[in-house]
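Reading through the structure tokens given below for one structure.
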Amino acid sequence: MSDDILDVPEFMERVQDDKDLLRELLDIFMEDYAQKRKNLGEAIMAKDFESIRSIGHSVKGASGNISAKRVREICMQLENKGKDQDGEGLEDLLASLDKEYEQLKERIAVVQQEL
């Protein structure tokens, strides 16, 4: 369901139906995500749990702001693994995050065209 990828009605409510603000927040998310994803990959390779926690937390918040529910859920798991210093399954979570981000990117492109 596309609302799990990007819940547009919830997001529109959050920005009080301001389509320009919605576009701006989506653009900011997309710009920030690329660098954070790179840093997250490096942190996972290095087993830098504090960075995994911090980046997971940051992307969790940003994805929550735009109502990207699946990406937010994965980032919450990454944040918790960083907090618990649990290296088990980090690569799988990163692969899931990449998959969900690709779907999110496609959904964002559609939403931006519809606006």
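The values are calculated or read from the model by the stated rules, or taken from the named source; none is laboratory data. Please read all numbers here as calculations on a predicted model, not as lab measurements. Ideal geometry is used to build each Cβ from the backbone, glycine not excepted, and the neighbour counts take in all protein chains shown.
Restricting attention to the stretch 1-39, which residues are of a type in the set (S, T, N, Q) and either surrounded by fewer than 12 Cβ atoms within 10 Å (Cβ to Cβ) or in contact with a Phe, Trp or Tyr (Cβ under 8 Å, 6 or more places away or on another chain) (or both)?
Within the stretch 1-39, Gln16, Gln35 meet the criteria.
Check the stretch 85-96 and report whether any residue there is aliphatic (A, V, I, L, M), surrounded by 13 or more Cβ atoms within 10 Å (Cβ to Cβ), within 17 Å of the chain's Cα centre (by Cα) and not in a helix (DSSP H, G or I).
For the stretch 85-96, residues aliphatic (A, V, I, L, M), surrounded by 13 or more Cβ atoms within 10 Å (Cβ to Cβ), within 17 Å of the chain's Cα centre (by Cα) and not in a helix (DSSP H, G or I): absent.
Can you pull out the helices (runs of 4 or more DSSP H) entirely within the stretch 1-81 that have at least 2 residues that are over 13 Å from Ile108 (Cα atoms) and touching a strand residue (DSSP E or B) at 6+ places or on another chain (Cβ under 8 Å)?
By residue number, no helices (runs of 4 or more DSSP H) qualify.
State which residue is farthest from the chain's Cα centre (by Cα) when the search covers only the stretch 45-64 and only residues that are aliphatic (A, V, I, L, M) and under 23 Å from Met12 (Cβ atoms).
From the stretch 45-64, those aliphatic (A, V, I, L, M) are 45-46, 52, 55, 59, 62; that's our starting set.
From what is left, the residues that are under 23 Å from Met12 (Cβ atoms) are 59, 62.
Details: Val59: 5, Ala62: 6 Å.
Across the stretch 45-64, the extreme among qualifying residues is Ala62.
Taking the stated definitions as given, is Gln112 polar (S, T, N, Q), surrounded by 12 or more Cβ atoms within 10 Å (Cβ to Cβ), assigned to a helix (DSSP H, G or I) and at pLDDT below 95? Before you say what the answer is, go through the steps one by one.
Numbers: polar (S, T, N, Q): yes; surrounded by 12 or more Cβ atoms within 10 Å (Cβ to Cβ): yes; assigned to a helix (DSSP H, G or I): yes; at pLDDT below 95: yes.
Yes, satisfied.
If I go through the stretch 71-110 residue by residue, how many of them are of a type in the set (S, T, N, Q) and within 30 Å of Lys19 (Cβ to Cβ)?
1
Go through the stretch 70-81 and count every residue that is surrounded by 18 or more Cβ atoms within 10 Å (Cβ to Cβ) and more than 12 Å from Leu97 (Cα to Cα).
Counting residues in the stretch 70-81 that are surrounded by 18 or more Cβ atoms within 10 Å (Cβ to Cβ) and more than 12 Å from Leu97 (Cα to Cα) gives 2.
Looking at this structure, is Ser67 buried (at least 18 other Cβ atoms within 10 Å of the Cβ), within 27 Å of Val8 (Cα to Cα) and polar (S, T, N, Q)?
Answer is yes for this residue.
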